[in-house]
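Trainee: Below is a structure I'd like to ask you about.
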Amino acid sequence: MQIAIVGLAGSGKTTVFNTLTRGHAETGGYGGVTLNVGVVKVPDARLDTLAGIFKPKKIVQADVTYVDLPAVPASSEGHVGTEELPADHLARLRDSDALLHVVRAFEDPALPHPDGSVEPDRDLERLDLEFVLADLSMTERRLERLVGSGRHGTQAERESNEREGIVLQRLKTGLEAGRPIRDLSLDPDEEKAIRGFRFLTQKPVMVLLNVGESDLAGAPERVAALAASYGHEHAVVDALSARIEMELGELEPDEAAVFMDELGIHGSGLDRIIALSYRLLGLISFLTAGPDECRAWPIPDGSTAVEAAGAIHTDLAKGFIRAETVSYEDLVTLGSMAEARKRGRLRSEGKTYRVHDGDVLEILFSK
Ligand SMILES: Nc1nc2c(ncn2[C@@H]2O[C@H](COP(=O)(O)OP(=O)(O)OP(=O)(O)O)[C@@H](O)[C@H]2O)c(=O)[nH]1
Ligand SMILES: [Mg+2]
């Protein structure tokens, strides 16, 4: 799973990236050009509890990759900004499963905003528009090509092109009206027809208001106001003070706790953002536990037992026999798989069983 951190120049992207990854990428100045990539372990206290029972050799958390991208150049007459991005940056952006859109909401006289004032709504809209333009440009080009190839190919190809053309036309109409693709409620067939384009405005998005250290108290109110006006599908809004969080990340846990108390911060913003990213991506975790490892596996919510098996290894899906399943709560209460079996809490589930967050699975399969 990969999340791209996007935002206008100087909005705090790299600071957020450092916070999430406990990294030390260079911040400051406008228009950073380097691309940073970091892998973040998803905190999951259940793994520690399971480790207490199974005493495994290792614990493996689920992870999410964050990519910190330099700001997208602004579009101008006849030029789409995203098309000026270096190819590898654009590929990273398109390959991401979701966007984390950092919006500057902090005031800092030492760092004047290039537009003269700090206005999160304006900045948010501006980058959203860039992504709409990028998708529109791609849609138009593809539509032109489809018209050009109209009478060529086999009948099946012509039919598939026609279906694609109808969907793209729908996207084009929406995009021209400024609507991101995530708002268009595509049906599964439509989604399939355009999957290959990896459209930017189709990705779920988390808008992150980067508020000043002195504005933390007012943050929930601002988040609520923005969430109410930002009425998009597959979008969530949150806030944090990136600079504070980055500094907190550099402290020892007990020092950080004192500092957080002083600032009136409850719970780590970092943990919240990671958990929120996970939810935004529609992921749940199933768990495996044994003497070798205790591990959390991310799968899309709604996955079946055989799909969960496939997440571990394709062989497990191919030779799937059944999934011995116990809920995390039952396992912890009863203390062992054997006890869970004895009490009838260990269920044998088949291929189509819908896996729940926190299910502890043991996949039986034939080689
Ligand atoms: N006061 C204050 N300054 C911040 C905050 N977050 C970031 N900054 C500062 O704003 C400047 C820009 O932050 P970066 O994280 O480099 O922003 P960026 O979006 O990565 O910038 P580019 O990559 O150059 O587009 C740095 O000097 C940061 O220290 C914050 O919450 N409060
Ligand atoms: Mg940066």
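Trainee: Before I look further, what does the stretch 71-145 give for accessible area per residue, probe 1.4 Å, in whole square angstrom? Please list the in-between numbers first.
Mentor: Numbers: 3730 Å² over 75 residues.
Averaged over the residues of the stretch 71-145, the accessible area is 50 Å².
Trainee: To continue, here is another question. Over the stretch 1-45, average the accessible area per residue using a 1.4 Å probe and give it in Å², no decimals. Walk me through the intermediate numbers first.
Mentor: Values: 2010 Å² over 45 residues.
Roughly 45 Å² per residue, with all protein chains present.
Trainee: Calculate how many DSSP beta bridges within the chain are antiparallel, expressed in % of all such bridges and rounded to the nearest 5. Don't skip to the end; give the middle numbers.
Mentor: On the way: 25 of 50 bridges.
Bridges in the chain are about 50 percent antiparallel.
Trainee: In percent, how large is the relative contact order of the chain, given Cα pairs closer than 8 Å and 6 or more residues apart? Before the final figure, lay out the partial values.
Mentor: Working: 603 pairs, mean separation 67.5, N = 367.
For the chain, the relative contact order is 18 percent.
Trainee: Express in nm, to one decimal, how much length is gained between D48 and E255 on full extension, taking 0.36 nm for each residue of separation and deducting their alpha carbon distance.
Mentor: Details: separation 207, 0.36 × 207 = 74.52 nm, distance 2.29 nm.
Between D48 and E255, full extension yields 72.2 nm more.
Trainee: Would you work out what percent of the accessible area of the chain, with all protein chains in place, is carbon or sulfur (probe 1.4 Å)?
Mentor: Values: 9640 of 18760 Å².
Looking at the chain in its full context, I get 51 percent from C and S.
Trainee: Hey, another quick one. Please tell me the relative contact order of the stretch 311-367 in percent, rounded to the nearest whole number, where contacts are Cα pairs under 8 Å and at least six residues apart.
Mentor: Details: 72 pairs, mean separation 31.8, N = 57.
Relative contact order here is 56 percent.
Trainee: Further question: Could you tell me how many cubic angstrom of Cα convex hull volume the stretch 154-219 has per residue? Intermediate results must be reported in sequence, preceding the final value.
Mentor: On the way: hull volume 7.0 nm³, N = 66.
Convex hull of Cα atoms, per residue: 106 Å³.
Trainee: Work out, in µm²/s and without decimals, the Stokes-Einstein translational diffusion coefficient of the chain at 4 °C, 1.567 mPa s, Rh from Kirkwood over C-alpha pairs. Provide the component values of the computation, followed by the final result.
Mentor: Numbers: Rh = 23.0 Å.
Here the translational diffusion coefficient equals 56 µm²/s.
Trainee: Under a straight-distance cross-link criterion of Cα-Cα below 27 Å, which lysines are reachable from K57, leaving out those fewer than 8 residues away in the same chain?
Mentor: Straight-line reach from K57, under 27 Å: K41, K342, K367.
Trainee: Hey, what's the stretch 280-367 come to in accessible area per residue, 1.4 Å probe, Å²?
Mentor: Here the residues of the stretch 280-367 average 50 Å² of exposed surface.
Trainee: Something else about it: Using the alpha-carbon centroid of each, what span in Å lies between the stretch 296-367 and the stretch 130-182?
Mentor: Centre-to-centre distance over Cα atoms comes out at 42 Å.
Trainee: Same structure again: With θ taken as phi - 60° and the coefficients 6.51, -1.76 and 1.60, list the Karplus ³J(HN,Hα) couplings across the stretch 247-254 in order, rounded to whole Hz; mark glycine and proline as x.
Mentor: Coupling constants for the stretch 247-254: 5, 4, x, 8, 8, 5, x, 6 Hz.
Trainee: Using a Gaussian network model of the chain with C-alpha springs under 10 Å, which one of D44, D183, D315 is most mobile by mean-square fluctuation?
Mentor: Among D44, D183, D315, the largest GNM mean-square fluctuation belongs to D315.
Trainee: For every helix of n ≥ 4 consecutive DSSP H residues, a contribution of -39,500 (n - 2.57) applies; sum these over the chain, divide by its total residues, and give [θ] at 222 nm rounded to the nearest 500 deg cm²/dmol. Before the final figure, lay out the partial values.
Mentor: Working: 14 runs with 154 residues, N = 367.
My calculation for the chain gives -12500 deg cm²/dmol from helical runs alone.
Trainee: In addition: Using a 7 Å offset from Cα along Cα-Cβ at L263, what residues in the stretch 195-236 end up with backbone N under 12 Å from the label point?
Mentor: Residues 211-217 qualify, since their backbone N sits under 12 Å from the label point.
The values are calculated or read from the model by the stated rules, or taken from the named source; none is laboratory data. It should be emphasised that the depicted structure is a prediction, and the values quoted were computed from it without experimental measurement. In this analysis, Cβ positions are derived from the backbone assuming ideal geometry, glycine residues included, and neighbour counts consider all displayed protein chains. Side chains included, ligands, DNA and RNA excluded: accessible areas come from the protein's heavy atoms. Shrake-Rupley method; radii C 1.70, N 1.55, O 1.52, S 1.80 Å.
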